[in-house]
């Protein structure tokens, strides 16, 4: 029966029963975590053989004869650039391979733009007064944290089932020269799992921003992270070329959720002008990134197809976890009409919308019952979810059994908060 | 016979003979390189067994049980922090372990100070108008390149046999609030190999800069890179504590010339306040650096003593190379009185001073004869050696036989340039 159709007495009885259950759960002293998008130990073990690819001196040389133990190759090993190029659908010359963290590359790109400006830009962003970024919401908290740290004002843009609301994006960037960028996770968006439609990607490529130094930060973190069949994302880089806006998108990706979250590779892809501009300061910043780890990756993955095959093994581990969460939501929450959620076909997150004004309450209830969730509001700039309704669920890390237990607690908390709301108790 | 005692006829005869030799050398079509401080292949092979330390899943866990394959530990693996702490003579809590490049950490520290200011500072450096760094010269070109990129004005300070001229350093920093930093390579300074005396280090710790946000960038790149017996550098961090200036020094080091130049570890050490300030933005910049590579290092080096033992093997390879260069200088140049040079007991470079106004000429002559040197002027801010006399010699990379050939060509070029100068031909 829907909560909205219950009378006060029925809701009160409901809440009493739920609170009793909650007390029992609390007594168990659980310690479960659905807070961050970390691969599980099983997933990490999939790449164990990569560790064996470089185990002696003679393994340290690339096919082209580069001694990966020594200095050099600022742009990354050519073979590694090629691998990422094939994953992203660009040319190797458009790729820079970095260290282990794509977040670090994104931060560095924003910092460079702040300090030195972008290719073709007149002035550093930091010398242009107040500047702004568009932030599709809900989105990735760490993107927003970069803006907040750098003092870049963030403007929320709603997500639709096809990606960010492009009418709003087009309008804002064409009118406001102080808007210098937008954060996008175009495939299996963090946290709702949306894949940008072809039309959305095309409209991004066709943007005509008022700011000549506007950039699209295209964080393709889940480029090959399909849970079911392969889902194709339109190629923003080739579309941008067609529209003559090749310098607009900067693409990021990593192997954090392909090989090792703590020891993978990250890369960026961009136009020749952007790459040259980046290299100008990157060459002052470092002599080069860890090439032996780049070599491990290219020895382990012969090509992009090998990566895709590898991702099927990840999917096999992750699918039951996503399905566990979604099944529980379907069984426990759907009949009550007190929540809705995304059903992603890949990526690392499920986005759960509870009753308006209840997300923080659910977070707290879950926490006190020993289940850690990503803090309510985290997927919004400044941590502020105006509706206080969104929770980001990360099912990847716990084993299925723990996840079953955790999601049961979560559903209980969602019900309690909703009942409290309907009863006017909060 | 000293050139200074030769008459014109004698010098002319000399030059004619030298030019004939030079033509013969040129005809050989040599391709030799003494330009950068790269470890040789033999040296890199010393660490081959490190590659075997992590070759399967069960190797990926630290003693404390951390799964190094996954996210986490922004500050670095505790065991790696301890290893660097012992090398640098600080506590593990004062150490952050980064990626493969200490240059990258230095760049990031300067960039952070520019954008966000330093611990206890009022404003970001970039919001304080023109700011300046002191640059002991000759010094490390990549340090100076960071300042140039960031628009930080550089002021030369002369090197003495005990380190930078401290009278000048003390005077300048106490008078000028716009001076925010100084670059130091305190042990086996790049390029002259000077080890800062205990008194110099003490005077650094005792500095009372007018700028409260002044920092000493203490690049201890060659902390354990002794060619002969171990040379001790005074501990600036504990001295600074005594003088109540604990926040002033920021120490950097790496294993680039211990394990792999292209796949080592870098670290910084600083006061708690500095570390906390850095972590605030570092935690936005990345989730963490490559922990598996950190684990490889701590598995391979049980402790700092193991590192020192390892460095003896490097010394054995490097010593004959340094001695080859110094012997040639002694035999070829000393009798003519046309150059002087440093005789370092460690590090990676020899500093050669030729006749004033001749360094560029020597560089060009050598280049045309197939011997690549670091460009004349490189060890000076803005690439400008006022006296045009200094050349940085890097003997580490070429095999001894090649080095013998290269240094012979170099000496020939030094003689030609000197003869030309004495004859008034340049």
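Read the figures in this text as sums done on the coordinates, not as results from a lab. All values derive from a computational prediction rather than experimental measurement. Ideal geometry is used to build each Cβ from the backbone, glycine not excepted, and the neighbour counts take in all protein chains shown.
What the table below lists for this structure:
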quantity: Residue A:401/residue A:162 FRET efficiency (R0 30 Å; Cβ-Cβ; nearest 0.05); calculated: 0.25
quantity: Ellipsoid equivalent to region B:240-305 - semi-axes via the Cα gyration tensor, in Å; calculated: 25, 17, 10
quantity: Along each principal axis, Cα extent of region A:61-301, largest first, Å; calculated: 52, 44, 33
quantity: Label geometry 7 Å along the beta-carbon vector: residue B:49 inter-copy distances in nm; calculated: 2.9
quantity: nm² value of the averaged projected area, convex hull over the Cα atoms of region A:72-131; calculated: 5.3
quantity: Stokes-Einstein D for region A:116-215, Kirkwood Rh over Cα pairs, 4 °C, 1.567 mPa s (µm²/s); calculated: 94
quantity: Overall Cα dimensions of region A:314-426, principal axis frame, Å, largest first; calculated: 43, 31, 24
quantity: Share antiparallel - DSSP beta bridges, chain B, percent rounded to 5; calculated: 45
quantity: Euclidean distance between Cα centres, region B:186-200 to region A:166-199, Å; calculated: 53
quantity: Other protein chain Cβ atoms within 10 Å, averaged over every residue that makes up B:92-105; calculated: 3
quantity: Label point 7 Å beyond Cα along the C-beta direction, distances from residue A:23 to other copies (nm, shortest first); calculated: 10.7
quantity: Mean-position separation - Cα centroids, region A:313-346 and region B:20-83, in angstrom; calculated: 45
quantity: Relative contact order (%) - criterion: Cα under 8 Å, at least six apart; region: region B:261-381; calculated: 11
quantity: Volume in Å³ per residue [convex hull over Cα atoms, computed for chain A]; calculated: 140
quantity: Residue exposure sequence - B:278, A:53 - by fewest surrounding Cβ within 10 Å; calculated: A:53, B:278
quantity: Neighbour-count ranking [beta-carbon atoms within 10 angstrom, fewest first] of B:208, A:392; calculated: B:208, A:392
quantity: Other protein chain Cβ atoms within 10 Å, averaged over every residue that makes up B:48-57; calculated: 5
quantity: Helix-only mean residue ellipticity at 222 nm for the protein assembly as shown, each DSSP H run of n ≥ 4 adding -39500 (n - 2.57), per residue, nearest 500; calculated: -12500 deg cm²/dmol
quantity: Fraction of the pair-distance distribution of region A:102-160 above 18 Å, Cα-Cα pairs, percent; calculated: 36
quantity: Average projection area in nm² (convex hull over Cα atoms of region B:174-287, one quarter of hull surface); calculated: 8.7
quantity: Debye intensity ratio I(q)/I(0), log10, region A:1-55, q values 0.15, 0.16, 0.24 Å⁻¹ (C-alpha model); calculated: -0.71, -0.75, -0.94
quantity: Two-site label geometry, residue B:386 and residue B:331: point separation in nm, points 7 Å out along Cα→Cβ; calculated: 3.8
quantity: Evaluated over region A:28-75, the Cα radius of gyration and Dmax, each in Å; calculated: 18.7, 59
quantity: Förster radius 35 Å - calculated FRET efficiency between residue B:64 and residue B:312 (Cβ-Cβ, nearest 0.05); calculated: 0.70
quantity: Once the Cα gyration tensor of region A:1-128 is diagonalised, semi-axes √(5λ) in Å; calculated: 51, 28, 14
quantity: Distance between modelled label sites at residue A:279 and residue B:242, nm, 7 Å Cα→Cβ extension; calculated: 5.0
quantity: Amide N proximity, region B:373-400 versus residue B:153 label position 7 Å along Cα-to-Cβ, cut-off under 15 Å; calculated: B:382
quantity: Highest-first arrangement of A:357-364, B:331-338, where packing means the average Cβ count within 10 Å; calculated: A:357-364, B:331-338
quantity: Copy-to-copy label separations for residue B:367, where each label sits 7 Å from Cα toward Cβ, in nm and ascending; calculated: 6.2
quantity: Convex hull per residue volume in Å³, alpha carbons only, for the protein assembly as shown; calculated: 171
quantity: Whole-Å semi-axes of region A:137-182's equivalent ellipsoid (Cα gyration tensor); calculated: 19, 16, 6
quantity: Compactness relative to 2.2 N^0.38 Å, alpha carbon Rg of region A:372-421; calculated: 1.28
